[in-house]
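J.: First, the structure itself, so that you have it in front of you.
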Amino acid sequence: MARPITLATGQFGDLGLEELCVLAKKMGYEGLELACHAHFDVTKALNDAGYIPWLKETLAKHQLECYALSAHLTGQCVGDIWDSRLDNFAPPALAGQPEAIRGWAVEEMKNTARAAQKMGVKVVTCFTGSPIWSFWYAYPQTTEQMVEDGYQKIYDLWTPIFDVFDECGVKFALEVHPTEIAYDYYSTKRLLEKFGYRETLGLNYDPSHLVWQGVNELIFLRDFADRIYHVHMKDVKITRDERAGVLGSHLMFGDTRRGWNFVSVGHGDVDFDGIIRELNQMGYSGPLSVEWEDSGMEREFGATESCAYVRGINFSASQTAFDSALKTK
């Protein structure tokens, strides 16, 4: 099973597409997960007849493919409660206008599905935002109705968006992640149930966000196997001592005093061998997309090493039982 190894481009937003393609090929990647805030312009894709042909020509020139688009920043603006940080994710003219930002994000997500269809891409990886993330600790006192209202809000906001995804034949792959409506095992299960296990809604599996929370990344993968539409290869290193807890202590990523940090693939505590075995068992043949986020390592070195690491464990399932040769005639 030759799963393509791709690079999520959001962390390379300071590079133009041409420059990034040269670098990605040099580092060993076979494709790109194009970030809509950096390397895929939804508006141009829908309105400029030459844009998508140019994109495809640029990728092909460097022997790269695009298997997914990433619209994480737009999706966050759909379901979140506004604060000034969201101004960084929306057009500057909308800064400080919560409902205008949400309205833009809803339409932009619909257009992202349409643009993906034009590009010939079948999966959009994304966030949803959450109107109840601040309730995660349930203090001040939080009622079950308040939580249910939050899930209903996400249902109401995203159902019309998913309708367009269906019309376009594009899947939505939610990255289970803190600050999202689905951030661990049970919140994911609840969200899927809320949408009636609608086929449009699946998962962009990223184990790094599960491991630091104490969620078993293999059980999660096994139980939601039919919902895995895309896979991020990202690692996390747990470094807790008697000072550092899992909540981060308001220390910036990369600070070695933190209880955990995202690290380059293979440098942390994610069981990637187990993940590949689970992916083989479920028959997943889609891309393994390296989302490189290591504040303690030089970027090109880390992304190159990550690509080589993933290639080294990207094995297929055996077609024969290991003891089949022991049988006598």
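The values are calculated or read from the model by the stated rules, or taken from the named source; none is laboratory data. The structure presented is a predicted model; accordingly, all values stated were derived computationally and were not measured. Note that we place each Cβ from the backbone using ideal geometry, even for glycine, and neighbour counts take in every protein chain shown. Accessible surface areas use protein heavy atoms only, side chains included; no ligands, DNA or RNA. Shrake-Rupley method; radii C 1.70, N 1.55, O 1.52, S 1.80 Å.
J.: For the stretch 313-329, give me each residue that is hydroxyl-bearing (Ser, Thr, Tyr) and either surrounded by 20 or more Cβ atoms within 10 Å (Cβ to Cβ) or within 24 Å of ASN204 (Cβ to Cβ) (or both).
T.: SER316 - this is the single residue of the stretch 313-329 that is hydroxyl-bearing (Ser, Thr, Tyr) and either surrounded by 20 or more Cβ atoms within 10 Å (Cβ to Cβ) or within 24 Å of ASN204 (Cβ to Cβ) (or both).
J.: Right, here's the next one. Name the helices (runs of 4 or more DSSP H) wholly within the stretch 1-77 that hold at least 2 residues that are aromatic (Phe, Trp, Tyr), under 21 Å from ALA113 (Cα atoms) and open to solvent by less than 10 Å² (accessible area, probe 1.4 Å)?
T.: Ranges flagged: none.
J.: Would you point out the residue of the stretch 98-112, among those that are open to solvent by less than 20 Å² (accessible area, probe 1.4 Å) and either among the acidic types (Asp, Glu) or without any contact (Cβ under 8 Å) to a residue 40 or more places away in the chain (or both), that is farthest from ILE228 (Cα to Cα)?
T.: Looking at the filtered set, the residue picked out is ILE101.
J.: Please count how many residues of the stretch 286-312 are assigned to a loop (DSSP other than H, G, I, E, B) and either open to solvent by 60 Å² or more (accessible area, probe 1.4 Å) or among the aromatic types (Phe, Trp, Tyr) (or both).
T.: 4
J.: Any idea which residue in the stretch 86-97 is least open to solvent (accessible area, probe 1.4 Å), counting only those that are assigned to a helix (DSSP H, G or I) and under 14 Å from GLY75 (Cα atoms)?
T.: Taking the candidates together, the pick is LEU86.
J.: Test TRP82 against the stated conditions and say whether it is buried (at least 17 other Cβ atoms within 10 Å of the Cβ), over 16 Å from the mean Cα position of the chain (by Cα), outside any helix (DSSP H, G or I) and of a type outside the set (Val, Ile, Thr).
T.: In short, yes.
J.: Look at the stretch 274-306 and say how many of its residues are over 19 Å from ASP223 (Cβ atoms) and either in contact (Cβ under 8 Å) with a residue 24 or more places away in the chain or not aromatic (Phe, Trp, Tyr) (or both).
T.: 20
J.: Only one of (1) more than 25 Å from LEU17 (Cβ to Cβ); (2) out of contact with any Pro (no Cβ under 7 Å at 6 or more places or on another chain); (3) not polar (S, T, N, Q) fails for TRP82. Which number is that?
T.: (2)
J.: Starting from the stretch 210-236, keep only residues that are farther than 22 Å from VAL124 by Cα and among the hydrophobic types (A, V, I, L, M, F, W, C), then list their pairs with residues that are in a loop (DSSP other than H, G, I, E, B) and open to solvent by 20 Å² or more (accessible area, probe 1.4 Å) whose Cβ atoms are within a distance under 7 Å, requiring at least 6 positions of separation or different chains.
T.: VAL211/ASP269; TRP212/VAL246; VAL215/ASP184; LEU218/ASP271; VAL236/TRP212; VAL236/GLY268; VAL236/ASP269
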